[in-house]
Amino acid sequence: GVLRIIEEGCEVQRRVVDGGDALQKVDRLVTLPGEVYPEQNISLITISDQQTEPCCGTHLLNTAHLKHFVIVGAKTASTGVKMLRCLTGDAARLSRQNGVRLCEEILSYQGTLEGNCEDLDKKMVDKVSQKISHWKSSISDANFPTILHHELSQVLETYRQKIVFSQRADLKKEVSAQFQAAMDEQQSRPYLMVIINVDKGKIDLNKLCKMASKPALILAIDKGSVKAKAMMSKEMVTDDFNAETWLQPIVDHFKGTAKAPKGQDKRVNCILGATKVTKDNLDGLESVFEKADSIASEYFR
């Protein structure tokens, strides 16, 4: 490869020939597909008798003068033709050193992220999650070794997937703990009302309502939004008490819209879609939740 030729210190020779038949007689000649060469004064560059190419550029006298070499870019110029962007000398040395350093840093977390997603250390997962965007930016630098860019991109994608699965597992545990605590606390009540707070992530309110095995109103709050659902059996629905009337104080408070999932009756299954949270509507949430509680309490009295 190129690094071996640099290490061997191969002599670079230049000679000038005419085109036409003279060019065809040159041994081990490499030409560019579709390139048209002049009829006279063609510069031929030969490296240690290995191959010869027509080229009018500036060349070294010996490959050892390059010292270092690295490919930092590759793209398809046309069918069957690759265009490479390379660095030599100190620039190549620094590029390779940076590549090795970053590779070692990224791969040092492989052991940490192995195993079941549910068992990963949350603090370490958060730390790696914060680093991924920085790593992606670093390996996308114009002077970063191409081969390491491709390999580390795959590693970082694996890390990202692991983190997503781990965060989902943590969210599931957190939601389950809050929901179970509410069910235990309200075990003697004929209905269930729960507020679930999480940092971020999707919560399946429909699944939670079904787990309650009794009329349930669940409100989920994350960093930027709130959503809610009220569910009950058809047999319990009346004009004064149903999923819609039960959820309405919360819908009004957040200035949202009460609706039913597609094909369902909102008196049985009513939802408040994801709505933006502000400090003002969070401050008054407790009294609104108490109002919804009183609606259910009045029905079951």
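Structure shown: which of 172/229; 210/262; 200/291; 75/127 lie over 24 Å apart, alpha-carbon to alpha-carbon? Over 24 Å apart, Cα to Cα: 200/291; 75/127.
What do you get for GluC sites (Glu not before Pro) in the range 12-108 restricted to DSSP loop and a cutoff of at most 13 other Cβ within 10 Å of the site's Cβ? Intermediate results must be reported in sequence, preceding the final value.
Numbers: sites: 35, 39, 104, 105; in loops: 35, 39.
Filter output for the range 12-108: 35, 39.
For residue 168, what accessible surface area do you get with a 1.4 Å probe? Give it in Å², rounded to 10. The accessible area of residue 168 comes to roughly 150 Å².
By how many nm would the segment from residue 153 to residue 49 lengthen if fully extended, with 0.36 nm per residue of separation less the alpha-carbon distance? All intermediate terms of the calculation are to be shown ahead of the outcome.
Values: separation 104, 0.36 × 104 = 37.44 nm, distance 3.85 nm.
Here the segment from residue 153 to residue 49 would lengthen by 33.6 nm.
With the highest mean first, a sort of the peptides 147-157, 50-60 on other beta-carbon atoms found within 10 angstrom per residue produces 147-157, 50-60. Heavy-atom accessible surface of residue 165, to the nearest 10 Å², is about 100 Å², with a 1.4 Å probe and all protein chains retained. Estimate the FRET efficiency between residue 29 and residue 274 by the formula 1/(1 + (r/R0)^6), using the beta-carbon distance for r and 45 Å for R0, to the nearest 0.05. E(calc), rounded to 0.05, equals 0.10. Give the cross-link partners of residue 279 among the aspartates and glutamates, using a straight C-alpha distance below 17 Å as the criterion and excluding same-chain residues fewer than 8 apart. Of all the aspartates and glutamates, those that pass the test against residue 279 - Cα under 17 Å, at least 8 places apart if same chain - are 199, 222, 252.
Can you pull the percent of the range 142-227's accessible area that's carbon plus sulfur, 1.4 Å probe, other chains left in place?
On the way: 2460 of 4660 Å².
Exposed carbon and sulfur together represent 53 percent of the surface.
Quick one: grab the alpha carbon gyration tensor of the range 17-104, order the square roots of its eigenvalues as a ≥ b ≥ c, and give me rounded if a/c is under 1.5, else prolate or oblate depending on whether a/b is larger than b/c. Could you put the intermediate results ahead of the total?
Details: a/c = 3.19, a/b = 1.89, b/c = 1.69.
Prolate.
Please compute the per residue accessible area over the chain with all protein chains in place, 1.4 Å probe, rounded to a whole number of Å². Working shown, then result.
Working: 18610 Å² over 301 residues.
I get 62 Å² per residue for this part.
Ligands, DNA and RNA aside, residue 137 has an accessible area near 80 Å² when probed at 1.4 Å. Residue-wise HN-Hα couplings along the range 157-166, as the Karplus relation 6.51 cos²θ - 1.76 cosθ + 1.60 with θ = phi - 60° gives them from phi, are 5, 5, 4, 4, 5, 4, 5, 4, 5, 5 Hz; Gly and Pro carry x.
Given the rule -39500 (n - 2.57) for each run of at least 4 DSSP H residues, summed and divided by the residues of the chain, what is its mean residue ellipticity at 222 nm, to the nearest 500 deg cm²/dmol?
Numbers: 9 runs with 128 residues, N = 301.
For the chain, the value works out to -14000 deg cm²/dmol.
How much length, in nm to one decimal, is gained on full extension between residue 110 and residue 86, taken as 0.36 nm per residue of separation minus their Cα-Cα distance?
Working: separation 24, 0.36 × 24 = 8.64 nm, distance 2.98 nm.
Gain on extension, residue 110 to residue 86, equals 5.7 nm.
Modelled spin labels at residue 200 and residue 161, positioned 7 Å past Cα toward Cβ, are 2.1 nm from each other. Distance between the 7 Å Cα→Cβ label points at residue 260 and residue 123: 5.1 nm. The angle between the Cα long axis of helix 243-253 and the longest principal axis of the Cα atoms of the chain comes to about 70 degrees, rounded to the nearest 10. If only the Cβ of Lys and Arg carry +1 and only the Cβ of Asp and Glu carry -1, the dipole of the chain around its Cα centre is close to 540 debye. Note on residue 298/residue 177: beta-carbon distance plugged into 1/(1 + (r/R0)^6) with R0 of 35 Å gives a FRET efficiency of 0.70. Placing unit charges on each Cβ (+1 for Lys and Arg, -1 for Asp and Glu) gives the range 59-203 a dipole about its Cα centre, and among 175, 149, 203 the Cα reaching farthest toward its positive end belongs to 149. Extension gain for the segment residue 2 to residue 140, taken as residue separation times 0.36 nm less the Cα-Cα distance, is 47.3 nm to one decimal.
The alpha-carbon of residue 67 sits under 12 angstrom from the alpha-carbons of these aspartates and glutamates, leaving out residues fewer than 8 places away in its chain: 7, 8, 90.
The values are calculated or read from the model by the stated rules, or taken from the named source; none is laboratory data. Keep in mind the model is a prediction, meaning the values are calculated, not measured. As a convention, Cβ positions derive from the backbone with ideal geometry for all residues, glycine included, and neighbour counts pool all protein chains shown. Heavy atoms of the whole protein, side chains included, go into the accessibility calculation; ligands, DNA and RNA do not. Shrake-Rupley method; radii C 1.70, N 1.55, O 1.52, S 1.80 Å.
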